[in-house]
Every structure is written in structure tokens, then in C-alpha cells.
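*Asks:* Let me begin by handing over the structure; questions about it come next.
The values are calculated or read from the model by the stated rules, or taken from the named source; none is laboratory data. Bear in mind that the values here come from a model prediction, so they are computed numbers and not experimental data. A quick note on method: Cβ atoms are made from the backbone with ideal geometry, for glycine too, and the neighbour counts reach across all protein chains shown. Each accessible area value is taken on the protein alone, full model and side chains, heavy atoms only, with ligands, DNA and RNA left out. Shrake-Rupley method; radii C 1.70, N 1.55, O 1.52, S 1.80 Å.
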Amino acid sequence: MPAEPVRLTHAVDTGKEELLLAGVRKTYGPATVLDVDRLVLTGGQVVCLVGENGAGKSTMMGVIAGSVQPDPGGEVTLSGDPLGAGTLHAQQLGVAMVSQEFPLVGQLSVAENLLLGRRPSQQRVFVDSRAMHAAAERMLAGIGLSVSTRRRVDSLAVAQRQMLEIAKALGTRPRVLILDEPTSALGPAESEHVLQLAREHAALGGIVILIGHRLNEVRDVGDRIIVLRNGRVVADLTPAEATEQRLVREMVGRELEGLVEVSAAQVGEPMFTARGLEAENFGPLDLEVHPGEIVGVAGLMGSGRSSLLHLILGARKPTGGRMTLGGKPYGPRNTAEAVAAGVGLVPEDRKGQGLLVDAPIRWNITLSILERISSRGLFLWPRPERREAARLVSAASVRCQTPEQPARSLSGGNQQRMIFGRWIAARPRLLLLDEPTRGVDVGAKAEIYKLIEEEREQGMAILVASSELEELLGICHRIVVLKHGRIAAAFERDSFSKERIIAAAAVGVQA
Amino acid sequence: MNRRELLRRLYDSPEIGIVLALIVTFVAFTIKNPLFASVSDLQNPLGIDLAGFGILAIGESLTIITGGIDLSVGSLVAFFVVVSAWINASMGVPVIFAFILTILFGIAWGLWHGFLITKLGVAPFVATLVTFIFAAGADEAIAPNPITIGSSTFLGVAGSNVGPVPIPVIMFLVIAVAAWVLLERTYIGRQLYAVGGNREAARLAGIRINRRIVMAYAISGGCAALVGIIEASRLTSGTADSVSGWELIAIASAVIGGVSLIGGQGRIIGIVAGAALLVVLQDGLVAINVNAYYQRMVVGVALLVAILVDRLRVRRLEHSARQAVRPDRAELPTAPEAEQLPSPAGGAG
């Protein structure tokens, strides 16, 4: 039950909502991606759905939200009303979905996005701007997000956009609220807030379905935890039954190896140093990363994690301070100079900053080494490039049928490994990782950690920014905590403490 | 590669429809008017028209592939018709140097577009629209009366052949091959696609995106200047307002040939076929005595059909990709069907 008074002003329809899936199947050619005999979800509960990539979670949600047409013969009903006539119909019946893809219109304001398609006034032609902003402010207040309703959405940070999506969905007073990894872009405090909103919405009688990747969260928030594997429901658990081990076993169908063993970092000259690094709303900041060392960057959203990485990559201009790389002065004027000097970035927003979605895997994976694999510094012959692409695909364990298939056909975890492959290829001296496992499942996470560890062993210096504290605690030698663009605290591995890191990030106390 | 796979790849390649359409229209016009396929018709107008539209379309396509557009090329051709004649006939600069100066002028103008776009952040549409308007007036200012070209070398550009092939056609072929090599066989070409496909991803991967963009506009400007020289030679004088609307033909050729206006996609073979189809339609309709206003309408319909066919093809590919490619299932030990799935559609790009 909510610890704070319920702030949501809207109410779902009274009466017990009931979502029924019976005999629902979805096949693509010979592959069955969803096969549910009977599943009943009732209002007033937060139902968590977990499973590896390809387990059928998104397909199942698509069936409920109307974006996926199931094979004929099944039955999907919401308190007796049949679903399955497209997304618009599902929305009208009260199904709202918050997806990971943020379908917001970047050029429009926060208020316009929130009320897109739902003009607040009775006027038919003109938008009543004042009423619109007032309504939008109420919606934002409901979820505790404080941004101006007049700001353009593309000026917001990823985490803020995620919150906005949730506000938009809640604003429709849905009978079924589907949250697809709502916290993957958020830091600990914001995550907790979102989970609280989910609980509150369930408490009002709505059905809340939450697709989760963080198992502790799932156990924390879920009244009922359903595990999918190969399109089937393989476990339907209470929170008490759903231990982390049990969940992982059910999801993977096999025991998962633990996180990578962290071996001692090399000592000696630092690979990278920053002294008094400053930019607008950032710094001054001192930082060192040694060869073979993994340094984590923790902090709340807006604390400057991404700014730090972008400053090092030359994607943002510093206003002061000095940096060195490999002992030499380093001050890239643009990303090209940074990459040439030996810095690489696996960006936070895979789709917006990383992928050439329509291009083949080969194009994606050789993107940062095109000049190097060209003969006479110009000609890119197909044979050496294909050879290189095949090598990188296997080095980064990208699962695909051929490097010629388009990047869009890969799952999230595979796409992320492909971007890793791009930087394995470039062999940077300093590798910057921004949310390296955002939106990938448990199994794929472990493999990405393994890739990171392999690169570290080769002597690469690695700087990881992440909003997932467990991740940093699991793989880093050292963690620095940012707050308002400055280092609030730093922890060596033997003094790692989740509580103190959270405290430093939230309060900024030097521990 | 066996024959079936070759057929399949042909079937999946984006350019196949346009090449077939080109052959069908050409044959149709020839049946109606056998002279259409005669050597003299193939040389002029078909060959020289194709050279002009084709060279322009190739330059234009480079800018579209980077995610931009160049609206200036039509006006620039008209401008360089006058400028090339003026440099040679009025200034007395020898023909070869006049040509070099004209082309350098065209490249410089393209560099200016690139500067506006990359350094000042002007939208490509706007940056080149300014030139479109400016150059349309500038040619009249320079040559209120036509500047007669006396040099036989200059006139020989459009007027002489190597064997049976007109010189402009040879220029076009050289440029088409060079552009193909650039796009398909150099890292620079790949980077042009990457800049158009996802600019931010290209930037973060260490690509000098501004250089690539500037380069595309410079090449487009140079192509416009070369076409200006060819047209001046064909008209035998530097006449103002000699051509109009060619930028739209260049853009239409690119789109018909499979160049995505969003950027990041398109190949030389399609662009060349697109330009050829428009030339065949335009000259073919003349050859069978169809009124001028119907010609534009037919070109419009051809554009529409090309776009619709391409959408259908893309949908079919996406559909089959969804069916065939579920690679994440391969990691699940209980998915034996993963191995039996048909292979995905052949190389994109």
C-alpha cells in the first residue's frame, strides 16, 4: 500500500476489472512466439512480467494493446469486452501502454505531447492554450515531475521523457496500464517513484502490468510475478516465492553464472586524467582512470553522468580544465579527434545515438574503423570488410544469421553487443560506456559484462556511467558519485556500500 | 552462387522495378515510333539529355543521401550556361581554362552551401533555396543578351562524338562510375550513408560529419557547373533562362531510383536508371507527338508509381524480415526451429 497519501485524482471504472487471455497464440511462419492457454489478470494488482528477450513479453503486451494481431481462435477480453481490433480500439476500452521507445513528438511542448489527440476545450478548431497547460501541469503534478509544460520534449533528458510518457498514460485513466521497463532509463530515486505510481494505480482498482528487467524491483513492487519463456507462462509466483535465483532459473531455464569476477586493476600511470574539468552546469572535476581499471560513475538523473562522458569524447565543449590521455595532453575539438586519439563511446540511447537501423550489421560494426580497413587509405573492398565484420560479430557474440541482415532485425541485447563490437574493433585506450545494459535482459547483461571484462583484461581503461547501482557495484573497481556535476564521493571496491552511494547521490555528503 | 539465389537477389534488389520500367517504356515508344531507337535519336536528344539529367541527379543524390537536399542545381545550370560562355567568349579565357574555372566556381558555390549548413546550421532546403532564387536572376544580369560562343572546341563538347558516342555521354559514364566507386567502394561513401542514416551515431563513431556534408554539396555544385557547360555548348550561346525546373527532375530521378529523402539510402544504378526513365518518357512523348503539358503529367504519374512500388517492396521485405529473423530465439536451447528458418533478405544498402 502507498506510504504517502494517494495523489492521483483520476479513478478507473469501479468494479473488479478482469483481463482474460484464453488460447492466445501468435506464430510467425514456423516460429511460435506466444502460446498462452489461460491467463486471468485482476484489477487491484501489480502484475510483473519477466522473461528473456524473445520470451514473448512484448508480443503478449502487443496483443493486449492491439498492436499485434494474434492467430485466430483465441480470446482476449477486458471485463467482457473483446479486445483485438487494433490499438485505437484498445485505447478506447482503456488500455494504455508506456513503451520503451518513447513515441513522443520531440518538436512539440510537454503540454502538447501530454494532450496529443485530446484537446482539452470544447472548441473544435483552436487549442485553448491556457487550459491545455493547466491540464498538463495537473498531470505532471500527479506524478511529481517538475518541468515546464512549455519546454520542447527534445530538450528533456531521457529519464524525464520516460516520466512524461508515464504521465501521458496515467492521464488517460486506463483500466489496464502496461509499463514496459519503465525504470530502465531512471536512477534509483526516480525508479522508486515510478513503482510507487504503479502501486497507487493498482490500489485504485486498475490492472497494472509491468515488464521488468531488474529482478529486485519486480519482487518489490509485484503482487504477482509471471515468468514467460519461449512464449509460454512457465511460472506464476507470489513475491515470497519469487527469489532472485528462482526467477533467473525460470527465465533462463538454466542456472546463470554469476557476475564477472573482478580482478585487481593494474597500477601505474593513469591512462586518462582530468584536472579541473569544467563546463556549463558542470564541474570542476578531477578524475583518473588507469589501464585495466573500470571506474563507475553513479548519480541521479541530471547529475552530469552523460555530460562527463560527452566532454571526454569532445561532443561537448569544456570551458576549463585540462585532460591527458596516455600521458599526453588531450583536448579533442570534436568526436573525430577523440576517436582518433583512442576514445570510444557506447552511447546511452541506442536507437538515437548508436544504430544505423536500416543498414546491415556489417555497416554498423565497422563504422568506427572504416578508414583503417580501407586499402591505400581510401578503398573499402568488400572481402576484407566482410572478413572483419564476421570476426567482430563473433568477438562480440552478436547472434545473427548473417552480418548482412539489417540491424533492426536484432533484439535489444544483440544490438547492444553489436555496438560493443564497433568499439572492440576500434581498440580505444579509453572506453566510455553510458548505460551499457539499458533495456537488455538478464542473460544478455551477463554477456555484456563479460565483454567489458575481456576488454579490461587487454588493458583498456573503462569509464561506466549507469543508473543501475547493482551493475556498478558488480563490475567496477572504483565508483565516483556525481551530484550537480561535481564528485560528491568516491568509493574503492573494498569500501563499496549501496547505502552510502545512494546517500551521496541524493544528499551529496562526502563519505 | 546458384541461379535461384541470383534470381532471388535480383528480385529483392530495389532497382529491379525501375530498370524493368525503363526497358518497357523504351520498347513501347520504339514500337510506336521506330525512329526513337535510331542512332541519331539515341545520340541527340536521348544521349545528351541523359548526360545532363544524369550528372545532375548524381550530384543531387549525394546531398540527399547525407540527409539534405540541393534545390539550387537547376538555377545553377542556367547560371553556368551564361558564366561559362562569358568567361570564354567575353573574357577571352581559353576554353580549357574557362571550363576549369567554371567547374571550380560550381564547387566553390557548393562549398558555400556546405558552410551555411554545417557551420551556421541553416537547413539545406533554405540554404540552397537562396541560391535557387539568386542564381535565377544572376544569369540574366550577366547576359541580358545571349553571348555567342565562337570557339569550336567549346561547341564540340555537345556537338562531337567519340565513335558513335557523344562526348557528354562519355562524361556522364565517367562520373557515374566514379560516383559508384565513391559510394560503394570507399570509406568516404560509407560515411556519407552513415551521416544520412543516423547523424548522431555517425558523429559519436568519430566520423567527420561536417566534412562529408560539405563534400556532398561541393560535388553537387561541380556537377551543376559541368551540366551548364554541356548546355551552353548545345545552345551555342550563353543564353539566360535556358533551363528551368531541372532541380526537380534531378530530385525526381533520385527518388524514382530508390534514394530515400530521409537520407542514408540509394544506389548509383537506381539513380542512373531513374534519370534514364525520365529522359525516355520526356523524349519519347515528344517522339510520338504528345502535347507538352501531358509530358509533365506523365512524369508526375511515373514518380507516383515509382514511390508506390517502392513502398510495397519495402513492406514485403519488412514482413519477410519479421518472419525470418528472430535471432534472439537462437540462444534458447528449446527453439530447434531456429535453424530451419529461411534466410533473411539479401544485402540491404
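*Asks:* With springs connecting C-alpha atoms under 10 Å apart, model chain B as a Gaussian network and identify which of B:Thr63, B:Thr153, B:Thr186 has the largest mean-square fluctuation.
*Replies:* Residue with maximal mean-square fluctuation among B:Thr63, B:Thr153, B:Thr186: B:Thr186.
*Asks:* On a straight-distance basis, which aspartates and glutamates could pair with A:Lys328 in a cross-link, Cα separation under 17 angstrom, same-chain partners fewer than 8 positions away excluded?
*Replies:* Straight-distance partners of A:Lys328: A:Glu269, A:Asp286, A:Glu288, A:Glu337.
*Asks:* Report Rg(Cα)/(2.2 N^0.38 Å) for the range A:365-511, keeping two decimals. Write out the running numbers ahead of the final one.
*Replies:* Values: Rg = 18.1 Å, N = 147, 2.2 N^0.38 = 14.7 Å.
Here the answer is 1.24, to two decimals.
*Asks:* Send over the semi-axes of the protein assembly as shown's equivalent ellipsoid, whole angstrom and largest first, taken as the square roots of 5 times the C-alpha gyration tensor eigenvalues.
*Replies:* On the way: eigenvalues 574, 214, 144 Å².
With the √(5λ) rule applied to the protein assembly as shown, the semi-axes are 54, 33, 27 Å.
*Asks:* As a test of the formula, what do you get for chain B when each DSSP H run with n ≥ 4 contributes -39,500 (n - 2.57) and the sum is divided by the residue count, at 222 nm and rounded to the nearest 500 deg cm²/dmol?
*Replies:* Working: 14 runs with 236 residues, N = 349.
The per-residue figure over chain B is -22500 deg cm²/dmol.
*Asks:* How big is chain B by Rg and Dmax over its Cα atoms, in Å?
*Replies:* Final numbers for Rg and Dmax: 22.0, 81 Å.
*Asks:* While we're looking at this one, here's another question. Using only the heavy atoms of the protein chains and a 1.4 Å probe, how would B:Ile251, A:Ile501 rank by accessible area, largest first? Could the numbers behind the result be given before it?
*Replies:* On the way: B:Ile251 25, A:Ile501 0 Å².
Final ranking, largest accessible area leading: B:Ile251, A:Ile501.
*Asks:* Treating only the Cβ atoms of Lys and Arg (+1) and Asp and Glu (-1) as charged, compute the dipole magnitude of the range B:47-281 about its Cα centre; round to the nearest 20 debye. Before the final figure, lay out the partial values.
*Replies:* Working: 10 positive and 10 negative charges, 176 e Å.
Dipole about the Cα centre, nearest 20: 840 debye.
*Asks:* A follow-up question, please. With a cut-off of 8 Å between alpha carbons and a minimum separation of six or more residues, what is the relative contact order of chain A in percent?
*Replies:* Taking the mean separation of contacting Cα pairs over the length of chain A, I get 16 percent.
*Asks:* Same structure, new question: Find the sum over both chains of the accessible area lost when B and A are paired, probe 1.4 Å, and report it in Å² to the nearest 100. It would help to have the intermediate numbers written out before the result.
*Replies:* On the way: alone 17680 and 22860 Å², together 36350 Å².
Interface between B and A: roughly 4200 Å².
*Asks:* Run the numbers on the range A:404-499 and let me know its relative contact order in percent, using alpha-carbon pairs under 8 Å that are six or more apart. Present the calculation step by step, with values, prior to reporting the outcome.
*Replies:* Working: 79 pairs, mean separation 21.4, N = 96.
It rounds to 22 percent for the range A:404-499.
*Asks:* Additional query: Just to confirm the filter: which GluC sites (Glu not before Pro) across the range A:275-334 are DSSP coil and have at most 13 other Cβ within 10 angstrom of their Cβ?
*Replies:* Values: sites: A:Glu278, A:Glu280, A:Glu288, A:Glu293; in loops: A:Glu280, A:Glu293.
Passing both the DSSP loop test and the Cβ count: A:Glu280.
*Asks:* Accessible area of chain A with a 1.4 Å probe: how many percent of it is carbon plus sulfur? Numbers along the way, then the final one.
*Replies:* Values: 10210 of 20820 Å².
Carbon and sulfur atoms account for 49 percent of the accessible area of chain A.
*Asks:* Leaving out ligands, DNA and RNA, what percent of the accessible area of the range B:47-281 is carbon and sulfur, probe 1.4 Å? Intermediate values should be presented prior to the final figure.
*Replies:* Details: 5650 of 8000 Å².
On the range B:47-281, the fraction of accessible area on carbon and sulfur atoms equals 71 percent.
*Asks:* Once you order the gyration tensor axes a ≥ b ≥ c over the Cα atoms, which shape class does the range A:330-451 get: rounded for a/c under 1.5, otherwise prolate or oblate by comparing a/b with b/c?
*Replies:* Oblate.
*Asks:* Could I ask something else about it? Whenever you get a sec, line up B:Ile307, B:Ile288 from highest to lowest accessible area (probe 1.4 Å, protein heavy atoms).
*Replies:* Correct descending sequence by accessible area is B:Ile307, B:Ile288.
*Asks:* Next question, about the same structure. Rounded, prolate or oblate: which one fits chain A, using the alpha carbon gyration tensor with axes a ≥ b ≥ c (rounded when a/c is under 1.5, else prolate when a/b beats b/c, else oblate)? Intermediate values should be presented prior to the final figure.
*Replies:* Details: a/c = 1.68, a/b = 1.41, b/c = 1.19.
It is prolate, given that a/c is not under 1.5 and a/b is the larger ratio.
*Asks:* Per residue, how large is the accessible surface of the protein assembly as shown? Use a 1.4 angstrom probe and give square angstrom. Please list the in-between numbers first.
*Replies:* Values: 36350 Å² over 860 residues.
Result: 42 Å² per residue.
*Asks:* For A:His193, B:His113, give me the order by solvent-accessible area with a 1.4 Å probe, most accessible first, ignoring ligands, DNA and RNA.
*Replies:* Values: A:His193 50, B:His113 0 Å².
Result of the area sort, largest leading: A:His193, B:His113.
*Asks:* For the range B:142-297, what is the Kirkwood hydrodynamic radius in Å, using each pair of distinct C-alpha atoms? It would help to have the intermediate numbers written out before the result.
*Replies:* Working: mean 1/r = 0.0558 Å⁻¹.
For the range B:142-297, the Kirkwood estimate is 17.9 Å.
*Asks:* On C-alpha positions alone, give me the angle between the axis of helix B:73-85 and the longest principal axis of chain B, in degrees, nearest 10.
*Replies:* Result, in degrees: 30.
*Asks:* Here is a further query. Could you pull out the pairs from A:Lys26/A:Lys57; A:Lys26/A:Lys445; A:Lys351/A:Lys445; A:Lys57/A:Lys445 whose alpha carbons sit more than 23 Å apart here? Spell out each step's value before the answer.
*Replies:* Working: A:Lys26/A:Lys57 12 Å; A:Lys26/A:Lys445 27 Å; A:Lys351/A:Lys445 18 Å; A:Lys57/A:Lys445 18 Å.
The answer is A:Lys26/A:Lys445.
*Asks:* Classify the range B:1-153 as rounded, prolate or oblate from the Cα gyration tensor: take a ≥ b ≥ c as the square roots of its eigenvalues, call it rounded if a/c is under 1.5, otherwise prolate when a/b beats b/c and oblate if not.
*Replies:* Working: a/c = 2.56, a/b = 1.38, b/c = 1.86.
Because a/c hits 1.5 or more and a/b fails to exceed b/c, the range B:1-153 counts as oblate.
*Asks:* Something else now. At a probe radius of 1.4 Å, what is the per-residue accessible area of B:Leu42, in Å² to the nearest 10?
*Replies:* The accessible area comes out at roughly 80 Å².
*Asks:* Could you work out, residue by residue across A:395-405, how many beta carbons of other chains sit within 10 Å of that residue's beta carbon, and then give the average as an integer?
*Replies:* On the way: counts 0, 0, 1, 1, 6, 5, 11, 6, 1, 7, 10.
If you average over the peptide's residues, the count of other-chain Cβ atoms is 4.
*Asks:* I would also like to ask the following. Mind grabbing the accessible area of A:Arg417 for me, 1.4 Å probe, Å², rounded to tens?
*Replies:* Around 0 Å² of this residue is reachable by solvent.
*Asks:* With n ≥ 4 as the cut-off for DSSP H runs, can you work out [θ] at 222 nm for chain A, using -39500 (n - 2.57) per run divided by the number of residues, rounded to the nearest 500?
*Replies:* -9500 deg cm²/dmol
*Asks:* Build a GNM of chain B with springs between Cα atoms under 10 Å: which of B:Leu120, B:Leu261, B:Leu20 gets the top mean-square fluctuation?
*Replies:* Greatest mean-square fluctuation among the candidates belongs to B:Leu120.
*Asks:* Measure nothing fancy, just the Cα-based angle from helix B:48-65's long axis to the longest principal axis of chain B, in degrees from 0 to 90, nearest 10.
*Replies:* Helix B:48-65 and the main axis of chain B meet at about 50 degrees.
*Asks:* The range A:346-367: which residues show an accessible-area loss of 10 Å² or more, assembly versus chain alone, 1.4 Å probe?
*Replies:* A:Gly352, A:Gln353, A:Leu355, A:Leu356, A:Asp358, A:Pro360, A:Trp363, A:Leu367
*Asks:* How much accessible surface area, in Å² rounded to 10, belongs to the heavy atoms of A:Ile294 with a 1.4 Å probe?
*Replies:* A:Ile294 exposes around 0 Å² with every protein chain in place.
*Asks:* Got the relative contact order for the range B:47-281 handy, in percent, Cα pairs under 8 Å and 6 or more residues apart?
*Replies:* In percent, rounded to a whole number, it is 43.
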